[in-house]
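Peer 1: Submitted below is the structure of interest, expressed as structure tokens.
The values are calculated or read from the model by the stated rules, or taken from the named source; none is laboratory data. Since the structure is predicted, the reported quantities are computational estimates derived from the model, not experimental observations. So basically every Cβ, Gly included, is an ideal-geometry build from the backbone, and we count neighbours across all protein chains shown. Areas reflect the complete protein model, heavy atoms only, side chains present, ligands, DNA and RNA absent. Shrake-Rupley method; radii C 1.70, N 1.55, O 1.52, S 1.80 Å.
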Amino acid sequence: GTSPTGMTRMGASNFGVWFFAQGQATIRNNVIATDGGNAISRGVTTTGPVIVQGNSIGVNANGTAAFATVPASAINDFSSAPGYLIGGPNPGDGNVIAGYHTAVFVESPGATVEGNLIGLDPTGTTILGSGTRGITTSFAQIEPGVFFRNNRIAGHATGIEIGNAALA
């Protein structure tokens with residue numbers, strides 16, 4: 001968790017948001033930070049589409065500094081349910097993500113990861129922290145209906161990883 005202002009990470013928090021939604025869920029305009037676990041996790045029994053937009057994940061409320069690196073994923077998808085939108089095409093839809101080993105891990109068919117700033121501040125000009133992977137999936141190839149587009153990724157050893165093959 002963070003202080004009420006969102007400028008300081010406070011105390012021990014293993015997970016930020018862990019949900020098992022039975023229908024659509026939206027996580028929007030939050031400041032989320034953890035000490036050891038995933039910031040946002042979609043559980044295996046989730047059945048509906050999930051929208052994650054406009055959040056500051058692993059960074060302070062202004063998005064100007066990353067909290068210490070966490071050996072987990074900022075956004076982790078354990079579900080095989082379709083329909084996961086992380087970011088989006090419109091101003092304010094993208095998430096600012098830094099300070100995690102993996103920024104986004106996706107397993108969902110029909111997932112879209114779009115317009116996010118990964119490892120960068122909200123201006124997209126300053127690298128906030130390093131990680132191992134920007135976006136990754138265990139799919140052996142990009143599945144039909146899965147889109148990774150218009151994300152800016154910096155400060156990670158691998159930008160996008162499909163299965164065990166790094167693309168950037």
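Peer 1: Which FRET efficiency value, to the nearest 0.05, do you get for Thr126 and Ala61 by plugging their Cβ-Cβ distance into 1/(1 + (r/R0)^6) with R0 = 25 Å?
Peer 2: About 0.95, to the nearest 0.05.
Peer 1: Sequence-distant or interchain residues sharing an amide H contact under 5 Å with Ala72, placed H: which?
Peer 2: The list, which skips near neighbours in sequence, is His101, Thr102.
Peer 1: Sorted by accessible area (1.4 Å probe), largest first, how do Leu120, Leu85 line up?
Peer 2: Leu85, Leu120
Peer 1: In what sequence, largest accessible area first, do Glu114, Glu107 appear using a 1.4 Å probe?
Peer 2: Glu107, Glu114
Peer 1: How far apart, in nanometres, would the label points at His101 and Asp35 be if each is projected 7 angstrom from Cα along the Cα-to-Cβ direction?
Peer 2: Each label point is offset 7 Å from its Cα along the Cβ direction, giving 1.8 nm.
Peer 1: Further, regarding this structure: Report ³J(HN,Hα) in whole Hz for each residue of the range 22-39, in order, from the Karplus equation J = 6.51 cos²θ - 1.76 cosθ + 1.60 where θ = phi - 60°; Gly and Pro get x.
Peer 2: Result, rounded to whole Hz: 10, x, 5, 10, 10, 10, 9, 6, 10, 10, 10, 9, 10, 9, x, x, 5, 6.
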